[in-house]
1. Quick one: how many Å² of K149 are accessible to a 1.4 Å probe, rounded to 10?
2. How much accessible area per residue does the stretch 38-188 have, in Å², with a 1.4 Å probe?
3. Along the stretch 55-64, what does the Karplus equation 6.51 cos²θ - 1.76 cosθ + 1.60 (θ = phi - 60°) give for ³J(HN,Hα), rounded to whole Hz, x for Gly and Pro?
4. Given the pairs K97/K161; K58/K136; K97/K178; K138/K180, which span a C-alpha to C-alpha distance of over 21 angstrom in this model?
5. Highest mean first, what order results for 111-119, 93-101 on Cβ atoms within 10 Å?
6. When the accessible area of the stretch 38-188 is split by element with a 1.4 Å probe, what percent falls to carbon and sulfur?
7. How are the alpha carbon pair distances in the stretch 15-150 distributed across 10 Å bins from zero to the largest one, expressed in percent?
8. Using label points projected 7 Å from each Cα along Cα→Cβ, tell me how many nm separate M63 and R115, to one decimal.
Amino acid sequence: MANVIEDFFKSVVHHEALPLEEVYTFLDEALQDQMEFIPLMERHHGHIEESIAVLMSKDALEMEKQDHLFRFFRLLEMHGKAEEEVLYTALQHNSDKSPRVLGFAALDEHDLAFRLERELLEMGYRDSWNDEIEAKAKVVANLVRNHIKEEENEIFPLAEKLISTSHLELMSMNYIEKCKIYLNDSLQTSISRPVVRTPPAGSMYPH
Ligand SMILES: [Fe+2]
């Protein structure tokens with residue numbers, strides 16, 4: 001009996017994720033506290049990874065995957081676009097070749113993820129769910145998971161080496177302002193407006 005209860009709680013915890021409103025609230029706090037750029041981006045990676053875990057999971061319900069795919073793309077839009085404009089632009093203008101190539105490659109990976117988002121929207125993932133949608137969701141989740149690993153292992157340490165502390169501080173403020181705009185826009189636009197249906201019990205993020 002103890003094992004059954006333990007397994008139940010493990011599965012519940014596994015699918016928990018920070019609601020998007022709280023991600024937005026935290027941006028204000030990060031601005032006030034002048035949070036460092038790289039740790040803040042790593043924190044946002046963590047929020048994206050919460051949804052990746054559900055999308056890659058064998059035991060998550062289809063409805064959970066559908067909701068997490070929506071959450072995943074909202075966070076990807078927020079973090080990804082702000083990161084492109086603040087960090088990738090800086091790398092692409094560096095005097096050395098290696099950071100420039102890394103910056104362009106990372107941008108290509110974002111483009112691939114956003115292309116898959118458009119395909120998933122055309123397949124109607126907000127209204128229904130099927131095996132093809134689930135497979136494509138898994139592909140994009142895996143792509144972003146590998147991209148995050150590459151950033152944290154290669155791009156972020158390089159940025160800390162190449163960019164001065166004072167410039168990183170400015171980049172952090174700029175990044176947060178952009179995140180606020182993108183997250184807000186993303187939640188308001190009709191293309192990402194959630195479908196009207198009863199949310200699953202215990203849902204942790206807005207519908
Ligand atoms: Fe990133």
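1. 110
2. Details: 6990 Å² over 151 residues.
Result: 46 Å² per residue.
3. Taking θ as phi minus 60°, the curve returns 5, 8, 6, 7, 9, 6, 6, 4, 5, 5 Hz for the stretch 55-64.
4. Numbers: K97/K161 15 Å; K58/K136 15 Å; K97/K178 27 Å; K138/K180 27 Å.
As for pairs spanning more than 21 Å Cα to Cα, those are K97/K178; K138/K180.
5. Details: 111-119: 15.2, 93-101: 12.7.
For the peptides 111-119, 93-101, the packing ranking is 111-119, 93-101.
6. Values: 3440 of 6990 Å².
Accessible surface attributable to carbon and sulfur in the stretch 38-188 totals 49 percent.
7. With a bin width of 10 Å, the distribution comes to 11, 40, 33, 14, 2.
8. 3.5
The values are calculated or read from the model by the stated rules, or taken from the named source; none is laboratory data. Bear in mind that the values here come from a model prediction, so they are computed numbers and not experimental data. When we count neighbours, we look across all protein chains shown, and the Cβ atoms used for this are built from the backbone with ideal geometry, even at glycine. Quick note on the areas: whole protein, heavy atoms, side chains included, nothing else; ligands and nucleic acids left out. Shrake-Rupley method; radii C 1.70, N 1.55, O 1.52, S 1.80 Å.
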